[in-house]
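Student: Just passing along the structure, written as structure tokens.
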Amino acid sequence: MTRPYSEDLRVRAVARYEAGETTRAIAAGLQISPSCVSKWMKRKRDTGSLAPGQVGGHRKPTLSGEVAEWLRERCRSGPFTTRGLAAELLARGIKSDRRAVWVFLHAEGLSFKKNRAAGRTDPA
């Protein structure tokens, strides 16, 4: 992703616009696109600032907070599958998929391993 234009350039563009110059003339003079000028003017009207907004960032995971606590308790209470947990979450109104559940379980170090020997009976 590219860097935002400098605030100095934004200030010069807005000053020229407020002096009565057209958007296209400003864009040609400053070698930027006309949409930049109109977007900067809109930003100035809406926020009162020309500073660029946040670029990128981190999205909070869906499976956090109370949902994460419930999921941890559920995993400790008995056998589970990622598909089953995703269905239980959906029943509780939390839209998620198997991959998100798997990522959560992996990060928490939670797993359920089937014990093959537990299902056997001794032929003695």
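Student: Taking helices (runs of 4 or more DSSP H) that do not extend beyond segment 13-100, which have at least 2 residues that are in contact with a Cys (Cβ under 6 Å, 6 or more places away or on another chain) and on the phi > 0 side of the Ramachandran plot? Walk me through it before giving the result.
Tutor: Values: elements: 23-30, 34-47, 66-77, 82-91.
Where helices (runs of 4 or more DSSP H) fall fully within segment 13-100, none carries at least 2 residues being in contact with a Cys (Cβ under 6 Å, 6 or more places away or on another chain) and on the phi > 0 side of the Ramachandran plot.
Student: Can I ask one more? Do you know which of the residues in segment 36-63 that are exposed (fewer than 14 other Cβ atoms within 10 Å of the Cβ) and closer than 14 Å to PRO4 by Cα is farthest from the chain's Cα centre (by Cα)?
Tutor: LYS39
Student: Ok, one more. Give just the number: which of (1) in contact (Cβ under 8 Å) with a residue 24 or more places away in the chain; (2) farther than 30 Å from LEU105 by Cα; (3) surrounded by 16 or more Cβ atoms within 10 Å (Cβ to Cβ) does VAL67 not satisfy?
Tutor: (2)
Student: Of the residues that sit in segment 70-87 and are out of contact with any Leu (no Cβ under 9 Å at 6 or more places or on another chain) and either within 30 Å of THR22 (Cα to Cα) or charged (D, E, K, R) (or both), which one is least open to solvent (accessible area, probe 1.4 Å)?
Tutor: If we filter segment 70-87 for residues that are out of contact with any Leu (no Cβ under 9 Å at 6 or more places or on another chain), which is where we start, we get 73, 77-79, 81, 83-84, 86-87.
Within this subset, residues satisfying the condition of being either within 30 Å of THR22 (Cα to Cα) or charged (D, E, K, R) (or both) are 73, 83.
Values: GLU73: 108, ARG83: 153 Å².
Out of the qualifying residues, it is GLU73.
Student: Is segment 47-56 home to any residue that is modelled with pLDDT of 90 or more, of a type in the set (Ser, Thr, Tyr) and more than 15 Å from VAL11 (Cα to Cα)?
Tutor: Within segment 47-56, the subset modelled with pLDDT of 90 or more is 47-52.
Adding the requirement that they be of a type in the set (Ser, Thr, Tyr) leaves 47, 49.
Pick out the ones that are also more than 15 Å from VAL11 (Cα to Cα) and you get none.
Scanning segment 47-56 turns up no residue that is modelled with pLDDT of 90 or more, of a type in the set (Ser, Thr, Tyr) and more than 15 Å from VAL11 (Cα to Cα).
Student: Continuing with the same structure: Out of everything in segment 1-31 that is open to solvent by less than 50 Å² (accessible area, probe 1.4 Å) and closer than 17 Å to ALA51 by Cα, what residue ends up being nearest to the chain's Cα centre (by Cα)?
Tutor: Among those residues, the one meeting the criterion is ARG10.
The values are calculated or read from the model by the stated rules, or taken from the named source; none is laboratory data. The model shown is predicted, which means the values in this text are computed figures rather than measured ones. With ideal geometry, Cβ positions are generated from the backbone for all residues, glycine too; neighbour counts draw on all protein chains shown. In case anyone asks, the SASA skips ligands and DNA or RNA and just uses the protein heavy atoms, side chains included. Shrake-Rupley method; radii C 1.70, N 1.55, O 1.52, S 1.80 Å.
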